[in-house]
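The values are calculated or read from the model by the stated rules, or taken from the named source; none is laboratory data. Since this is a predicted model, take the numbers as computed values, not measurements. With ideal geometry, Cβ positions are generated from the backbone for all residues, glycine too; neighbour counts draw on all protein chains shown. What goes into the accessible areas is simple: the full protein's heavy atoms, side chains included, and nothing from ligands, DNA or RNA. Shrake-Rupley method; radii C 1.70, N 1.55, O 1.52, S 1.80 Å.
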Amino acid sequence: MFNLHLTRGGHREGVHLGFPASPGEVGEAFAWLDSISTDAAGTRILEVACVVRNLEGYITNTDLSTPDAIVKLNLLAEKISAMDSREQQIFSGALDAESVNGLDDVLSIAGSLDAYTFLPNVCSDRELGVFLVDTGYIDLPEHLRSYINYASVGAEYYANFGGAYSPFGYVRRKDAEPKLDADRKAVFTAHLQAGGRQCVLKLPATDAWLDTARRRLQVDEFCEMELTGLECAIPYLEGLLPRDCISVVDADKLALEIEGMMETDGDLMKYLSALCVEESSTFQEALEIAYHIGDYERIAEGTYEYGQSVLRRIGADEEVIDTIDGYMDFERFGEAMMAEDGVRQTEFGLIRRLNEPFPSEQQGQIFQ
């Protein structure tokens, strides 16, 4: 049910062997290969001709020198031969939807096609979105349908359930569950691509969803993905973040940091203020600021109260402060200390560094 073009070593010439193959056919093919090279371990699959066109990408690295490789290839050919055209289409999509790490995984998928849902002719996010609305999965009044971004509807479903688009339709496991916690708010929406494949990734992401993204794009590492777009759900943050040289890993790390800030009153506003003053030139610098957000203090008080807080910082107790009240201009003292401490005014409030004042060349940005 498929034909392998085999060779050995660095040669391009070779022999074709059809599967299922009899012992005699295998022996004849390998005898011909022996005339090229006697190194059986160097046997390589150059091409795969099969009705399941993407099968080549999943079996070309098969080690044909192992004792059971031919047995498994024969078994796979028999399984494909027993499939009707619809099952072959499901098999093709299921290969792309799963994490395949060898011939055993390919055989497992071929033997469990009833575990997959198949939507024929649904080959893009937009077509999936149209299907979801038309079938009532998304409950939508008829008069609103002309305003719907169907591609976004499909992309969100794909992001939650995984699967794969094939030339024949959309395939996903029937038991797939949404990968994101319904109560977890996405900080970023990352648009990724690799080798012509695309996917949408909500950040921060669970390990399961990160694995799903790698599987959908058919890559092993995030460095093999190209980040084509990054949307931010936090008001004002998107305009403060540098947009060049953003990696998926760094974007996910920053999303996690921001998620933590949102759980502590004032930390997110402090981060926005720090970004305004620091004026990061790279996304990595913005991430470093997030890592060290504890090195900044957000000032929620006026100059009068700040003057008193500075006195407390240097050891004065409430009795001392009460005693000098009326004899000391706390407001002028607070204003002077703000300048000395490098306090800066931003549209998100006052902020200062705890470890060292902001650079002196920024004096023009002192609080108003």
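Filtered by the rule that a residue be exposed (fewer than 13 other Cβ atoms within 10 Å of the Cβ) and β-branched (Val, Ile, Thr), the stretch 25-43 gives a lone residue, THR38.
Across the stretch 210-235, the number of residues qualifying as open to solvent by 50 Å² or more (accessible area, probe 1.4 Å), modelled with pLDDT of 85 or more and outside any helix (DSSP H, G or I) comes to 6.
Taking the stated definitions as given, is LEU275 at negative phi and in contact with an Asp or Glu (Cβ under 7 Å, 6 or more places away or on another chain)? No; evaluated as a whole, the condition is false for this residue.
If you go through the stretch 159-179 one residue at a time, do you hit one that is within 30 Å of MET269 (Cβ to Cβ) and in a helix (DSSP H, G or I)? Yes, the stretch 159-179 contains a residue that is within 30 Å of MET269 (Cβ to Cβ) and in a helix (DSSP H, G or I).
Yes/no per residue for (1) loosely packed, with under 14 Cβ neighbours inside 10 Å; (2) in contact with a Leu (Cβ under 7 Å, 6 or more places away or on another chain):
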site	(1), (2)
SER65	yes, no
LEU76	no, yes
ASP84	yes, no
ILE90	no, yes
VAL100	no, no
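Checking each residue in the stretch 297-312 for being modelled with pLDDT under 85 and open to solvent by 20 Å² or more (accessible area, probe 1.4 Å) picks out ALA300, GLU301, GLY302, THR303, TYR304, GLU305, GLN308, SER309. Just checking, does the stretch 130-147 include any residue being in a helix (DSSP H, G or I), over 26 Å from GLU238 (Cα atoms), open to solvent by less than 50 Å² (accessible area, probe 1.4 Å) and out of contact with any Lys or Arg (no Cβ under 7 Å at 6 or more places or on another chain)? Looking through the stretch 130-147, at least one residue is in a helix (DSSP H, G or I), over 26 Å from GLU238 (Cα atoms), open to solvent by less than 50 Å² (accessible area, probe 1.4 Å) and out of contact with any Lys or Arg (no Cβ under 7 Å at 6 or more places or on another chain). The residues of the stretch 263-296 that are open to solvent by 60 Å² or more (accessible area, probe 1.4 Å), outside any helix (DSSP H, G or I) and in contact (Cβ under 8 Å) with a residue 12 or more places away in the chain amount to a single one, SER281. Of all residues in the stretch 182-209, exactly one satisfies the criterion of being modelled with pLDDT of 85 or more and among the basic types (Lys, Arg), namely LYS202.
For beta carbons closer than 7 Å, sequence separation of 6+ or different chains, a first residue in the stretch 306-322 that is under 9 Å from PHE333 (Cβ atoms) and without any contact (Cβ under 8 Å) to a residue 40 or more places away in the chain and a second that is in a helix (DSSP H, G or I) and open to solvent by 20 Å² or more (accessible area, probe 1.4 Å), the qualifying pairs are TYR306/MET337; GLY307/GLU331; GLY307/PHE333; GLY307/MET337; VAL310/MET337. ASP207 fulfils the conditions (1) closer than 20 Å to ALA274 by Cβ; (2) exposed (fewer than 14 other Cβ atoms within 10 Å of the Cβ); (3) acidic (Asp, Glu) except for a single criterion, (1). Looking for something open to solvent by less than 50 Å² (accessible area, probe 1.4 Å), in contact (Cβ under 8 Å) with a residue 60 or more places away in the chain and aliphatic (A, V, I, L, M) - is there at least one such residue anywhere in the stretch 236-252? Taking every residue of the stretch 236-252 in turn, at least one turns out to be open to solvent by less than 50 Å² (accessible area, probe 1.4 Å), in contact (Cβ under 8 Å) with a residue 60 or more places away in the chain and aliphatic (A, V, I, L, M).
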